[in-house]
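Enquirer: Take this structure first; my questions come after.
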Amino acid sequence: MIELDARAELERLALHAAKGDEDAVEEVLRIAHPLVHRYCTSRLESVDHPHTTADDVTQDVCLALMSALRTYENQGKSLLSFIFGIAAHKVSDARRRATRLSVPQTARAAAAHHVVDVQDGPEHHILRGELRGEMGQLVETLPVRHQQILFMRVIVGMSAEQTARVLDTTPGAVRVAQHRALSHLRARIGHGPAR
């Protein structure tokens, strides 16, 4: 099921789920789970901590969604946008938690978690991991809405029109937000790593 079909189906189920229809809640979770998992996987790719996995964060998002559905009211944005908002907050929490709990790793331990190109030496692998971590930190400096737009446009490959429909905005607003987000990232890259 593509994101646009998912959005329409989620909108249909939202009212029933908010009224406590357990079948509707279960169906919302069934539809949302793969989308949330893909989002969490892409956002946590650079986090290398045993207690911070995309599966765990996806589960946290789904649990939060289950609770939130009981009081969900359509306030002008789609349920899918609401779900991505929850996911963005949970990913940010997980990244902060992993940073607090992380300990320095050896090159061998880092290599055990990533595919290593035999052409590259250990230093190249470590540098790539550091770059992924820095990019993840840079993306965290963006507003949640910009993070969602970059995810949908760059990672998922959705068009501006598709992204606009999911986020209840216009394609022009999506393009402007994407441009601003990328400009912000370029400026931050030019001034060193994010703090």
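Enquirer: Confirm whether Ala87 is under 22 Å from Leu142 (Cβ atoms), modelled with pLDDT of 90 or more, outside any loop (DSSP other than H, G, I, E, B) and of a type outside the set (S, T, N, Q). I'd like the intermediate steps shown before the answer.
Expert: Numbers: under 22 Å from Leu142 (Cβ atoms): yes; modelled with pLDDT of 90 or more: yes; outside any loop (DSSP other than H, G, I, E, B): yes; of a type outside the set (S, T, N, Q): yes.
Against the criterion (under 22 Å from Leu142 (Cβ atoms), modelled with pLDDT of 90 or more, outside any loop (DSSP other than H, G, I, E, B) and of a type outside the set (S, T, N, Q)), Ala87 qualifies.
Each row is one residue, and each column tells you yes or no for (1) modelled with pLDDT under 90; (2) open to solvent by less than 40 Å² (accessible area, probe 1.4 Å); (3) of a type in the set (Val, Ile, Thr).
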| position | (1), (2), (3) |
| --- | --- |
| Ile2 | yes, no, yes |
| Asp5 | yes, no, no |
| Ala8 | yes, no, no |
| Ala18 | yes, yes, no |
| Asp23 | no, no, no |
| Glu27 | no, no, no |
| Val36 | no, yes, yes |
| Ser42 | yes, yes, no |
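Enquirer: Next up: Exactly one condition in (1) at pLDDT below 80; (2) assigned to a loop (DSSP other than H, G, I, E, B); (3) open to solvent by less than 70 Å² (accessible area, probe 1.4 Å) is false for His113; which is it?
Expert: Checking His113 against (1) at pLDDT below 80; (2) assigned to a loop (DSSP other than H, G, I, E, B); (3) open to solvent by less than 70 Å² (accessible area, probe 1.4 Å), the one that fails is (3).
Enquirer: Please find, within the stretch 71-94, the residue that is most open to solvent (accessible area, probe 1.4 Å) out of those that are of a type in the set (A, V, I, L, M) and under 15 Å from Arg145 (Cβ atoms).
Expert: We begin by selecting, within the stretch 71-94, every residue of a type in the set (A, V, I, L, M); these are 79-80, 83, 86-88, 91, 94.
Next, from what is left, pick out any that are under 15 Å from Arg145 (Cβ atoms): 80, 83, 86-88, 91.
Working: Leu80: 2, Ile83: 2, Ile86: 27, Ala87: 0, Ala88: 0, Val91: 0 Å².
Looking at the filtered set, the residue picked out is Ile86.
Residue by residue, here is whether (1) in a helix (DSSP H, G or I); (2) open to solvent by 80 Å² or more (accessible area, probe 1.4 Å); (3) touching a Cys at 6+ places or on another chain (Cβ under 8 Å); (4) modelled with pLDDT of 75 or more holds:
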| position | (1), (2), (3), (4) |
| --- | --- |
| Val118 | no, yes, no, no |
| Arg132 | yes, no, no, no |
| Gln148 | yes, no, no, yes |
| Val154 | yes, yes, no, yes |
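Enquirer: Mind telling me which of the residues Ser67, Ser92 ends up being at pLDDT 75 or above, under 22 Å from Arg43 (Cα atoms) and either part of a helix (DSSP H, G or I) or touching a Lys or Arg at 6+ places or on another chain (Cβ under 9 Å) (or both)? Write out each step before concluding.
Expert: Details: Ser67 fails: under 22 Å from Arg43 (Cα atoms).
Being at pLDDT 75 or above, under 22 Å from Arg43 (Cα atoms) and either part of a helix (DSSP H, G or I) or touching a Lys or Arg at 6+ places or on another chain (Cβ under 9 Å) (or both) holds for just one of Ser67, Ser92, which is Ser92.
Enquirer: Of these, Arg175, Arg128, Arg180, which one is farther than 14 Å from Phe84 by Cβ and either modelled with pLDDT under 85 or in contact with a strand residue (DSSP E or B) (Cβ under 8 Å, 6 or more places away or on another chain) (or both)?
Expert: On the way: Arg175 fails: either modelled with pLDDT under 85 or in contact with a strand residue (DSSP E or B) (Cβ under 8 Å, 6 or more places away or on another chain) (or both); Arg180 fails: either modelled with pLDDT under 85 or in contact with a strand residue (DSSP E or B) (Cβ under 8 Å, 6 or more places away or on another chain) (or both).
Checking each option against the conditions leaves just Arg128.
Enquirer: If you scan the stretch 142-180, which residues turn out to be closer than 19 Å to Cys40 by Cβ and touching a His at 6+ places or on another chain (Cβ under 9 Å)?
Expert: The answer is Leu142, Val144, His146.
Enquirer: Pairs, please: C-beta under 8 Å, at least 6 apart or cross-chain, first residue in a helix (DSSP H, G or I) and in the stretch 10-36, second among the β-branched types (Val, Ile, Thr) and at pLDDT below 85?
Expert: Correct list of pairs: Ala18/Thr71.
Enquirer: Filter the stretch 37-50 down to the residues that are in a loop (DSSP other than H, G, I, E, B) and either within 15 Å of the chain's Cα centre (by Cα) or more than 24 Å from Thr141 (Cβ to Cβ) (or both) and list them by number. Let's see the steps before the verdict.
Expert: Residues of the stretch 37-50 that are in a loop (DSSP other than H, G, I, E, B), as a first pass: 44-50.
Within the stretch 37-50, Leu44, Glu45, Ser46, Val47, Pro50 qualify.
Enquirer: Something else about it: Could you give every pair whose Cβ atoms fall below 6 Å, whose first residue belongs to the stretch 69-81 and is within 14 Å of Ala18 (Cβ to Cβ) and in contact (Cβ under 8 Å) with a residue 60 or more places away in the chain, and whose second residue is open to solvent by less than 100 Å² (accessible area, probe 1.4 Å) and of a type in the set (Ser, Thr, Tyr), counting only separations of at least 6 or pairs across chains?
Expert: Short answer, once both residue conditions are applied: none.
The values are calculated or read from the model by the stated rules, or taken from the named source; none is laboratory data. Since we're looking at a predicted model, the values are computed, not measured. Backbone-built Cβ (ideal geometry, glycine too); neighbour counts: all protein chains shown. Side chains included, ligands, DNA and RNA excluded: accessible areas come from the protein's heavy atoms. Shrake-Rupley method; radii C 1.70, N 1.55, O 1.52, S 1.80 Å.
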